[in-house]
Amino acid sequence: MILLTFRDLIYRRTRFLVVTLLAAVVFALLFVMTGLVEQFHREPFDTVEAFDASAWIVPEGISGPFTASSTMPSATMAEVDADVTAAVVTSRSSLSDGDDTSEVILVGHTPGSLGTPQTVNGRPAEGPGELVADTSLGLEVDQTATVAGVDFIVVGESQDTTLLAGVPVVFMTLSDAQDLVFRTNEVVSALLVDGEVRALPPGTVALTPDAVAEDVLEPLEGAIGAVDLVRALLWVVAAIIIGAIVYLSALERQRDFAVLKAVGSPNSSLIGSLALQAALVALVSVALAAVIQMFLAPAFPMKVRVPARVFWQLPLLAVLMALVAGAAGMRRVLKSDPAEAFSGAGA
Amino acid sequence: MTIGPLIVDELVVEYVHDGYAIRPLDGLSFAAQSGEIVVLLGPSGSGKTTLLSCLGGILTPTSGSIRLGDLDVTAIKGKGLSAFRRDQIGFVFQAFNLIPSLTARENIAMPLLLSGHGRTESLARADELLDEVGLADRGNHVPGKLSGGQQQRVAVARGLGHNPPLLLADEPTANLDHIQAEAIIRLLQGLRSEGRMIVVSTHDARLVPIADKIVQMAPHIDAEEQPTHQVTLAAGESLFEQGDRSDLVYVIVSGEVDIIRVLADGSEEQLNRLGPDQYFGELGPFLDFPRSASVRAHTAVELTAYSPRVFREKILHKH
C-alpha cells in the first residue's frame, strides 16, 4: 500500500507538487487567520491585565471604560473602601509623530500606582509632558510626539498594549490626561482597585478585568465573525483542492484499481492507498504552510499570534479534512468494477 | 497447484442493453483438466471475455454452473470472490494493464503486497517469476521502458504471483508482433507443463496448435455449401428467431415479412416490413454473427434462400 502510494506520488509528481503548494498557501492563510483571531481574543485580556487591577469601578450604566464615555468625579475615589485604589482616565485620541497620525487610546494613570505600564524600553511616565507608547507605534525614546495637539516626550515603550484590534495605548500621567480630555482635574474615567473592595460609592459598579476585556471585544464581534467565515471558506477551498486531486487520481487510476481488484486485492488496501495519498498531501501542505506563514504574518497590519496548539491541531484537522474530501475518490475505487480490467486496447 | 477439472455447464449470461436482451453466452458447456490449455476461439463479441469473467469470479452468470475441482464458483459471493480470485486464478489481460508508476518487479509483487504478504517475500517471489519469464534483467524497468512482448510477460508473471492452478489469459497475443507472440505462446506452453490449467481467449489462429481443447465461441457455419432453394411460409409463420445462428440470406419473391426484435421484457418491436424483391439476413452470415432479429411472415410468402457466397455473386453484385 505504501509502495503503491509513494510510487504514484512520484509518477505524478508535477501535479502533486502544484497541488501541495496551492494547498500550502491556503493552509498558510489559515495559520495567519487563526493567529489573527487569537490576537483579537487575547489582546484585550493582556492589555487589561497590564493595569494590575482586580476590579474597575465605573458609573452605573457604563459597559466599560474603553467603549463608552465614562466620567465620574475625582472625589468618588475617597468613598471607595478597598486595599488599593487609583484613578485612571481613558479616551480615544490621535497621535502624530510629524509624519504620520495614528489613532490611539490614551490612558492617564497615577505614576507608580495601578495602571502604570511595564516598559520594555525606557521608563514609565512620571511627570508632565511624558509619554509611554506601545511599540507598535514605532516611536523612539526621547522622541517628541503630539497627542491631541499637545507635545509629549516619549520616555518609554510598552509592549502588547493595544486594544480594539491593534489600536495602540499611550500612557501619561493622570493630570496630563485630565487636562487633555476633561480640561479639569475634577473628573476621571474609572477607578482601579486591588485587593478586597469593602464598599462601593453609590451609583457605581465594579467590573472584573475579564468583564472589561470582554466589553472591549464586543465591537469586534463582527470583524471576528468575518475572519471566522474566511477561515471556514479557506477550509472549504483546501478541501476542494485536496478532494479534487484525490478524485482525479482515482479517476485516472480506475483501470489500475480494477486490475488490482481482479487479481484479488482487497478494497481496504486500495482505499487505504488513496487515503494515505490524501493524508500525505495534507501533511506536507501544512508543513510548508507553517514556513510560509512566517513570511506572510509580518505583512499584516495587526499582530498575528499563532498559538502553539495550532501547530498540531491544524495538521490533525487537515488530515481529517483530506480523508473526508477524498471520500468521493475512495468511493469511486470501491465501485470500480474488476471487469474493467478486461476492456480496452493495449497500453 | 492442481485443483481438479473445470466443468462449465449450460452457462447463460444475459444482460439488457438499450432495452434489448443480449445473450453473449447461451447454454455453453465444456470441461477441461489440469495441465490443459483451453483455447476459446471466436470473433469479437462472441462472449470470450464474458466467459473469462465468469470463470474468474468477476461476473456472475444468469444461469448455469462453473465448478473448479470441489469449488462451485457460481455459488461464491462477496469477499469470498476476492479470495477465490487471489488464491485460485491468475489473470493476463489483453491490454497488459501494468501499473505505469511501478517497476516490472513491483508490478509482479503488488498483488502479493496488497493481500498482506511481506515486502521481502513478495519481491523475492517477483524476482523468481521475472526469471521464469526471462526478464530477470528488466526487473527495475517501468512498463513504459518495456516492449509490448516484455510487458505481456510481466503481466503473465503477475498472474502467477500466488501460484494459481488456473490461469485466464484474454487475447494475450493480440497486441504483439509474431516474434513477441511466439515468446508468449512458448511461455504458456511451459506453464501448462507445470500442471497448471490455462484458458486462453483469442481470435488468433496461431494459438490453435498448442490447444488441448478448443471451445468454439461462435460455431463456424459452412453456409457456402447449402444450395439455393425456395422457402414458403404461411402468414404468421416464423422463418428464424433472434439469436439463431446465421447461415442463409433471403430474397422475397412474393408476400411480405416482418422484421421483429424481442425486447428485454419479452415484448416485441417491429423494425421493418419487407416485400417482393427485397432481401434480408445478409449481415449475420457475412460477419459470423447470430441473428439480431426475428423474421415472421406477414402474409403467405415465398422466399429464395442463398448461401452468402452465392448471394454476393448473383444478387449483391447486380445492385
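Every read-out reported here was derived from the displayed coordinates using simple, explicitly stated rules and does not represent laboratory data. Source: prediction; values computed, not measured. Note: ideal-geometry Cβ built from the backbone for every residue, glycine included; neighbour counts use all protein chains shown.
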**OP:** With label points built 7 Å along Cα→Cβ from the Cα atoms of B:THR228 and B:GLN189, find their separation and express it in nm.
**Re:** 4.7
Subject >> GNM result for chain A, Cα springs below 10 Å: residue of A:GLN118, A:GLN313, A:GLN178 fluctuating most strongly >> reply: A:GLN313
**OP:** With just the Cα atoms of the protein assembly as shown, tell me how far they stretch along each of the three principal axes, in Å, largest first.
**Re:** 130, 64, 47
Original post:
Given DSSP loops and a limit of at most 11 other Cβ atoms within 10 Å, what is the longest stretch of chain A that contains no such trypsin sites (Lys or Arg not before Pro)?
Top reply: A:1-182
Original post:
Does the stretch B:3-103 come out rounded, prolate or oblate, given a ≥ b ≥ c as the square roots of the eigenvalues of its C-alpha gyration tensor, rounded meaning a/c under 1.5 and, failing that, prolate meaning a/b above b/c?
Top reply: rounded
Subject >> Added length on full extension, which subtracts the Cα-Cα distance from 0.36 nm per residue, A:LEU283 to A:ALA226 >> reply: 17.8 nm
**OP:** Return the FRET efficiency for the residue pair B:LYS145, B:GLU269: r is the Cβ-Cβ distance, R0 is 51 Å, and the value is rounded to the nearest 0.05.
**Re:** 0.45
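Let me check against my output: what whole-number percent is the relative contact order of chain B, with C-alpha pairs under 8 Å and at least 6 apart? Write out the running numbers ahead of the final one.
Values: 674 pairs, mean separation 62.1, N = 319.
Worked out over chain B, it gives 19 percent.
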Subject >> FRET E, pair A:LEU21, A:GLU218, Förster distance 35 Å, beta-carbon r, rounded to 0.05 >> reply: 0.30
Subject >> Lysine pairs meeting the criterion (Cα under 19 Å, 8 or more apart or interchain), as found in the protein assembly as shown >> reply: 6
Subject >> Relative contact order, percent, the stretch A:55-207 [alpha-carbon distance under 8 Å, six or more residues apart] >> reply: 37
**OP:** For every other residue with a beta carbon closer than 12 angstrom to the beta carbon of B:ALA305, add +1 if it is Lys or Arg and -1 if Asp or Glu, then tell me the sum.
**Re:** -3
**OP:** In debye, nearest 20, what is the charge dipole magnitude of the protein assembly as shown about its Cα centre with +1 on Lys and Arg Cβ and -1 on Asp and Glu Cβ, if you could check?
**Re:** 3460
**OP:** Note down the relative contact order for chain A as a percent, whole number, built from C-alpha pairs under 8 angstrom at least six residues apart.
**Re:** 27
Original post:
In whole angstrom, how far apart do the alpha carbon centroids of the stretch A:1-52 and the stretch A:217-291 sit?
Top reply: 13
Subject >> Projected label distance in nm at B:ILE210 and B:ASP177, using a 7 Å step from Cα toward the beta-carbon >> reply: 1.9
Subject >> Semi-axis lengths, Å, chain B, gyration tensor of Cα atoms, sqrt of 5 times eigenvalues >> reply: 46, 21, 16
**OP:** Give the residue from A:ALA226, A:ALA28, A:MET77 lying farthest towards the positive end of the charge dipole for chain A; charges sit on Cβ (+1 for Lys and Arg, -1 for Asp and Glu) and the dipole is referred to the Cα centre.
**Re:** A:ALA28
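What's the extension gain from A:VAL236 to A:ARG331 if we count 0.36 nm per residue and subtract their Cα-Cα distance?
Going from the current span to full extension adds 32.2 nm.
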Original post:
Once you treat every alpha carbon in the stretch A:188-339 as an equal point and sum by Debye, what is log10 I(q)/I(0) at q = 0.17 Å⁻¹?
Top reply: -1.01
Subject >> Debye, to nearest 20: dipole size of the stretch A:87-174, +1 on Lys, Arg Cβ, -1 on Asp, Glu Cβ >> reply: 360
Subject >> Dipole axis of the stretch A:55-207 (+1 Lys, Arg; -1 Asp, Glu on Cβ), positive-most option in A:VAL104, A:VAL197, A:THR119 >> reply: A:VAL197
**OP:** Tell me the label-point distance for the pair A:THR71, A:ILE153, using the 7 Å Cα-to-Cβ offset, in nm and rounded to one decimal.
**Re:** 3.2
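Rounded if a/c is under 1.5, else prolate if a/b is larger than b/c, else oblate: which is the stretch B:230-304, with a ≥ b ≥ c the root eigenvalues of its Cα gyration tensor?
It is oblate, given that a/c is not under 1.5 and a/b is not larger than b/c.
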**OP:** Kindly state, to the nearest 0.05, the FRET efficiency for B:GLU14 paired with B:ILE315, given R0 = 41 Å and r defined as their beta-carbon distance.
**Re:** 0.75
Original post:
For the stretch A:55-207, what does the alpha-carbon gyration tensor say about shape, rounded, prolate or oblate, given a ≥ b ≥ c as the root eigenvalues, a/c under 1.5 as rounded, and a/b over b/c as prolate?
Top reply: prolate
Original post:
Length gain on complete extension for the stretch B:HIS117 to B:ALA300, per 0.36 nm per residue less the alpha carbon to alpha carbon distance?
Top reply: 58.8 nm
Original post:
Counting DSSP beta bridges in the protein assembly as shown, what percent are antiparallel, to the nearest 5?
Top reply: 75
Subject >> Environment charge of A:ARG42, counting only residues whose C-beta is closer than 14 Å and scoring Lys/Arg +1, Asp/Glu -1 >> reply: -4
